[in-house]
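*Asks:* This is the structure I want to talk about, given as structure tokens.
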Amino acid sequence: MKIIHTSDWHIGKIINDFSMINDQKYILNEFIKLLDKENPDVIIIAGDIYDRSIPPIEAVELLNEILFKIIIDRKIKVLAISGNHDSAERLSFGSEILEKNGLYIVGNNNLFKKVTINKNDTNINFYLIPYQNPSSVRNISKDDKIKTHNDAMSYIVQNIKEEINKDEVNIIVCHGYVANFESIEELETSESERRLSIGGTDLIDVDIFDEFDYVALGHLHKAQKVKRNEVRYSGTLLKYSFSEVNNKKSITILDIKNKGINIRLESIKPIRDMRIIEGDIDDILKEGINLSYGRDDYLKIILTDDGEIINPMEKIRSVYKNTMVITKKRVIKSDNKDLISKEFINTKDEFELFKDFYEYLDESKLTDEKEKTLKEVIEFSLREEK
């Protein structure tokens with residue numbers, strides 16, 4: 001059996017006032033092309049199908065279009081769970097009717113759902129665990145000891161273990177921060193992921209899943225394994241923050257034969273990339289004008305110019321129309337605490353204070369022309385105060 005593991009489609013996402021719906025439509029149709037090449041039996045979507053609990057109409061229409069192409073046109077089964085961004089109730093509406101066509105969407109009305117798919121007289125058991133807050137699991141279980149996400153997942157998995165057939169292939173699908181507690185720093189996160197709780201109570205111990213052949217994870221946006229190769233985040237199809245610019249987005253493909261699982265990654269190229277550019281504005285504009293590819297990318301521009309720039313966004317977007325963020329690079333080269341002491345301030349006049357402050361923040365010193373301008377501004381201001 002061939003399975004494709006994806007997660008975190010975040011359909012309807014908006015980044016810095018830019019709607020990603022056209023990018024998502026493009027990448028999901030590229031995903032359809034990959035399906036035609038790979039001909040999988042099952043697709044997993046491990047949560048965060050939408051970016052918000054009440055998605056915009058264009059997001060609903062896009063998901064409907066893509067699922068129709070997968071399930072109706074290509075007869076591929078889809079197993080999906082709700083994530084922390086989704087409305088579990090909305091996603092699971094009509095689930096029993098949809099299952100007859102091969103679409104299994106599980107919201108948080110159940111702790112988990114078992115779906116068994118048989119191919120060539122071999123059963124593969126999928127245990128779909130929708131995203132749950134610890135309080136929800138505590139209420140369902142009537143166990144007051146459940147305080148954290150780890151407690152909640154431990155309770156759910158323990159219930160699953162009581163019924164699993166270890167002679168068959170057993171796959172968990174879940175959504176959350178699954179980590180190796182012996183080396184938590186190995187977990188690579190990004191700015192676009194919403195925290196589930198504070199103080200580390202959202203972390204789930206990967207060892208909980210030791211008895212399962214594969215664990216299809218959602219929530220973290222970078223494709224990565226957790227402790228062993230068979231516990232994996234598929235990551236997002238697109239970059240959703242500038243902390244992800246160096247991430248290689250991919251699709252996780254599983255080829256299962258008997259109890260053996262072969263895992264490989266396949267990349268899909270987006271219609272535009274997300275990048276960070278640093279430099280003087282004139283150099284950035286000159287380079288952009290001469291570019292034959294990449295001018296439509298989503299950009300964060302870090303300007304290194306000395307001095308203020310009038311309307312930098314307008315100038316940058318005249319060349320790079322999809323610039324999202326512009327920041328100014330400031331280099332603080334001094335850690336001299338005396339610069340802010342009361343005694344130090346009282347011994348300096350206005351010009352000397354500003355000059356020290358400027359050189360404290362900037363690598364360069366004031367030029368003669370800048371010193372002259374500064375003195376004139378200070379003298380004018382002081383006259384106005386009198």
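*Asks:* Please count how many residues of region 43-68 are in contact with a His (Cβ under 6 Å, 6 or more places away or on another chain) and part of a helix (DSSP H, G or I).
*Replies:* 0
*Asks:* Looking at N229 and the list (1) under 19 Å from V169 (Cα atoms); (2) without any contact (Cβ under 8 Å) to a residue 12 or more places away in the chain, which single condition is not satisfied?
*Replies:* (2)
*Asks:* Related question: Residues being in contact with a helix residue (DSSP H, G or I) (Cβ under 7 Å, 6 or more places away or on another chain) and among the hydrophobic types (A, V, I, L, M, F, W, C): count how many of those fall in region 242-283.
*Replies:* Result for region 242-283: 8.
Yes/no matrix, rows are residues, columns are (1) within 23 Å of L217 (Cβ to Cβ); (2) outside the structural domain of S95 (by TED's automatic domain parsing); (3) touching a helix residue (DSSP H, G or I) at 6+ places or on another chain (Cβ under 6 Å); (4) modelled with pLDDT of 95 or more:
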residue: S7; (1), (2), (3), (4): yes, no, no, yes
residue: I14; (1), (2), (3), (4): no, no, no, yes
residue: E30; (1), (2), (3), (4): yes, no, no, yes
residue: N39; (1), (2), (3), (4): no, no, no, yes
residue: S53; (1), (2), (3), (4): yes, no, no, no
residue: E58; (1), (2), (3), (4): no, no, yes, yes
residue: L67; (1), (2), (3), (4): yes, no, no, yes
residue: I70; (1), (2), (3), (4): yes, no, no, yes
residue: D73; (1), (2), (3), (4): no, no, no, yes
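*Asks:* Let me ask something additional. If you go through region 1-34, how many residues are touching a Pro at 6+ places or on another chain (Cβ under 6 Å) and assigned to a loop (DSSP other than H, G, I, E, B)?
*Replies:* The total comes to 1.
*Asks:* Give the residue that is nearest to F126 (Cα to Cα), with candidates limited to residues of region 71-89 that are over 24 Å from the mean Cα position of the chain (by Cα) and in contact (Cβ under 8 Å) with a residue 12 or more places away in the chain. Give the steps one after another, and end with the answer.
*Replies:* Narrowing region 71-89 to residues over 24 Å from the mean Cα position of the chain (by Cα): 71-77.
So of that shortlist, the ones also in contact (Cβ under 8 Å) with a residue 12 or more places away in the chain come out as 71-72, 74-77.
On the way: I71: 18, I72: 21, R74: 21, K75: 18, I76: 15, K77: 12 Å.
The residue in question is K77.
*Asks:* I'd like the full set of residues that are of a type in the set (S, T, Y) and touching a strand residue (DSSP E or B) at 6+ places or on another chain (Cβ under 7 Å), limited to region 114-131. Explain how you work it out, then say what you get.
*Replies:* Start the filter on region 114-131 by keeping residues that are of a type in the set (S, T, Y), which leaves 116, 122, 127, 131.
Residues satisfying the conditions are T116, Y127, Y131.
*Asks:* In contact with a Phe, Trp or Tyr (Cβ under 9 Å, 6 or more places away or on another chain), surrounded by 19 or more Cβ atoms within 10 Å (Cβ to Cβ), at pLDDT below 95 and not basic (K, R), is that true of L254?
*Replies:* Answer is no for this residue.
*Asks:* Same structure again: Only residues that are under 15 Å from D210 (Cβ atoms) and at pLDDT below 95: list them for region 165-175, please.
*Replies:* If the condition is that a residue be under 15 Å from D210 (Cβ atoms) and at pLDDT below 95, then K166 is the only one that fits.
*Asks:* Which of the residues that make up region 1-33 are under 15 Å from the mean Cα position of the chain (by Cα) and without any contact (Cβ under 8 Å) to a residue 40 or more places away in the chain?
*Replies:* Within region 1-33, just I14 meets the criteria.
*Asks:* Given the criterion of a type in the set (D, E), surrounded by 15 or more Cβ atoms within 10 Å (Cβ to Cβ) and over 26 Å from the mean Cα position of the chain (by Cα), identify the matching residue among D305, D297. Show your work before the answer.
*Replies:* Working: D297 fails: over 26 Å from the mean Cα position of the chain (by Cα).
Just a single option satisfies the conditions, and that option is D305.
*Asks:* Right, next: Evaluate the following for K119: is it more than 25 Å from L220 (Cα to Cα), in contact (Cβ under 8 Å) with a residue 60 or more places away in the chain and surrounded by fewer than 13 Cβ atoms within 10 Å (Cβ to Cβ)? Outline the logic, then answer.
*Replies:* Details: more than 25 Å from L220 (Cα to Cα): yes; in contact (Cβ under 8 Å) with a residue 60 or more places away in the chain: yes; surrounded by fewer than 13 Cβ atoms within 10 Å (Cβ to Cβ): yes.
For K119, the condition - more than 25 Å from L220 (Cα to Cα), in contact (Cβ under 8 Å) with a residue 60 or more places away in the chain and surrounded by fewer than 13 Cβ atoms within 10 Å (Cβ to Cβ) - is met.
*Asks:* Please enumerate the residues belonging to region 112-131 that are among the aliphatic types (A, V, I, L, M) and within 25 Å of the chain's Cα centre (by Cα).
*Replies:* L128, I129
*Asks:* Still on this structure, please answer the following. Determine which member of the set T327, T323 is within 30 Å of G294 (Cβ to Cβ), modelled with pLDDT of 80 or more and either surrounded by 14 or more Cβ atoms within 10 Å (Cβ to Cβ) or basic (K, R) (or both).
*Replies:* Details: T327 fails: either surrounded by 14 or more Cβ atoms within 10 Å (Cβ to Cβ) or basic (K, R) (or both).
None of the others qualify; the one that does is T323.
*Asks:* List, please: which pairs have Cβ atoms under 8 Å, are six or more places apart or on different chains, and start with a residue in region 265-292 that is within 21 Å of F18 (Cα to Cα) and touching a residue at least 60 places away in the same chain (Cβ under 8 Å) and end with one that is among the basic types (K, R) and surrounded by 13 or more Cβ atoms within 10 Å (Cβ to Cβ)?
*Replies:* P270/K239; P270/K249
*Asks:* Okay, moving on. Could you list, in sequence order, all residues of region 139-153 that are among the hydrophobic types (A, V, I, L, M, F, W, C) and not in a helix (DSSP H, G or I)?
*Replies:* Once the filter is applied, which keeps residues that are among the hydrophobic types (A, V, I, L, M, F, W, C) and not in a helix (DSSP H, G or I), region 139-153 yields only I146.
*Asks:* If we scan region 132-142, do we find a residue that is in the same structural domain as I49 (by TED's automatic domain parsing), within 21 Å of the chain's Cα centre (by Cα) and modelled with pLDDT under 95?
*Replies:* Yes - at least one qualifying residue is present in region 132-142.
The values are calculated or read from the model by the stated rules, or taken from the named source; none is laboratory data. Source: prediction; values computed, not measured. Counting neighbours? That spans all protein chains shown, and the Cβs are built from the backbone with ideal geometry, glycine included.
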